[in-house]
Structure formats: structure tokens, C-alpha cells
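The values are calculated or read from the model by the stated rules, or taken from the named source; none is laboratory data. Keep in mind it's a predicted model, so treat the numbers as computed, not measured. All Cβ positions, glycine included, derive from the backbone under ideal geometry; neighbour counts span all protein chains shown.
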Amino acid sequence: MLKIAHRGAAGHAPENTLRAIEVAIAMKADLVEVDLQRTKDGHIVLLHDRTVDRTTNGRGPLAGLTLQEVRRLDAGKGQPVPTLEELLRTASGRIGLMLEIKAEGLAEEVVKMVKQMGFAGHLIYASFLHKEVLRVRDVDSKALTLALFEGVPVNPVAFVRDARATHAGIALDSLTPTFVSALRAAGIRIFTYTANDPADIKFARSFGVDGIISNYPDRL
């Protein structure tokens, strides 16, 4: 089972910052999950929300800010909002990555940047935007991809097959024996999110999932 640090080790350091990445490395996580979006002037940075309000001392939508403006913000404990390039340099050869694509039209550029930077390590592209997951596979047919889903669909495997994904990312509350069994029978690897409490981690483990995403990778 893979230990996946959510937004870095977000339970121990400001989420989606290089400090959170370093903590995840120190805690020997297998992968670190981060969120990718684009600034007004086209740079890819690590940020979960549409706006910078919750995670920085700034205000407004990320899409309305240039990289220079974003870099002046405090993402917590003096940490700046990192770029994708900075993440790849920091993590390469040290920890695997799960890159969650949060915005439409980002997949091709992310894949190309990963290749250009020569990232060394386990890497999975993920998104709730399943067209972006599909686009990743169009650009790199060998890429590992994860289709994120919340809820239990009528057809338990169609959303993964339609996205040509190698993995399914299932919300913790959506884990059911029938859902998991159907994915397993289809040869689809299963990650679950976000298990933080010991009881939730035990629950996730009981399904034999392939990976657990947690703010506290040290608890996995």
C-alpha cells in the first residue's frame, strides 16, 4: 500500500508548499499529492482553491493574479506559493508525485514540463476533470493516471474506462464492498482520500486499497 501525503504533509506544514513536501519526504511518504492551477500570465503553480483567500494572506481568484503577484503572498509560515518547476526540482529522485490537475486545458503543458525537467521517480497524474485525465494519456500513452470520483456511480468502472485511467481515486465515504470489488475485477488500482483519523485509516486498510491519501503520512 502506497502512503500518499495530501497537499504535502498538510497536517504538519502549510499545504502545497515546498516545506510540506520536505516534511513528506522526512516522513518517508511514497508519493506527495499537490494541486496545479494556472496564474493570469500562464504559469503553473501549486494551489488548491480557485482563490488565494484561504491558503494565503492574499485575496481574489488565482486566475486574476500574475506569478509575480502570487509570489509576494505568504502561503503560511513565510512559505511562498511554489511553481511546478520548483516542485519538480525539489522532488526529483527523492519522492514520487501525484499531480492533480485542477483547471481545464492544463494536462498537455504539465506532461510536457515533467518530461522537459527529466523528473525521476514514480508519478501519477490525477483529476476530477476526466477529460484532462484522458488528455494526459493522449500526450503520453504510458502515463499513470488517476480518475478522481466522489460518490458511487451507477456503472462502477465506466468513469475510469472512459478516461483510460490506470487508477481510481475514491472518496473515503464512497468505499463500499460492491464498488471496490467491481474496480478490482476490472484490474483498476484503487486509492482513497482523505483518511486522517486512525479509525478512518483502519477502515480504508480493511478494503485492501492500493494507496491511502492523508494529511498525516506518518500515521499510515
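Below is a table of values for the structure above.
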quantity	calculated
Inter-residue pairs, beta-carbon under 8 Å, first touching a residue at least 12 places away in the same chain (Cβ under 8 Å) and in segment 142-155, second of a type in the set (K, R) and not in a loop (DSSP other than H, G, I, E, B), 6+ apart	A143/R137; T145/R137
Number of the exception - M98 against (1) in a strand (DSSP E or B); (2) in contact with a helix residue (DSSP H, G or I) (Cβ under 9 Å, 6 or more places away or on another chain); (3) not charged (D, E, K, R)	(2)
Residue match in segment 192-213 (condition: touching a His at 6+ places or on another chain (Cβ under 7 Å), among the aliphatic types (A, V, I, L, M) and either closer than 26 Å to L134 by Cα or at pLDDT 95 or above (or both))	yes
Selection within segment 101-137 - in a strand (DSSP E or B) and either out of contact with any Phe, Trp or Tyr (no Cβ under 8 Å at 6 or more places or on another chain) or free of Cβ contacts under 8 Å to residues at least 40 places away in the same chain (or both)	L123, I124, Y125, A126, S127
Unique match (being buried (at least 18 other Cβ atoms within 10 Å of the Cβ) and modelled with pLDDT of 95 or more) among T51, T66, T90, T56	T56
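Quick grid of which residues meet (1) out of contact with any Ser or Thr (no Cβ under 6 Å at 6 or more places or on another chain); (2) assigned to a loop (DSSP other than H, G, I, E, B):
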| position | (1), (2) |
| --- | --- |
| A13 | yes, yes |
| D41 | no, yes |
| E69 | yes, no |
| G78 | yes, yes |
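Let's see how each residue does on (1) within 14 Å of A103 (Cβ to Cβ); (2) out of contact with any strand residue (DSSP E or B) (no Cβ under 9 Å at 6 or more places or on another chain); (3) among the hydroxyl-bearing types (S, T, Y):
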residue	(1), (2), (3)
E22	no, yes, no
M27	no, no, no
V32	no, no, no
L36	yes, no, no
V45	yes, no, no
T56	no, yes, yes
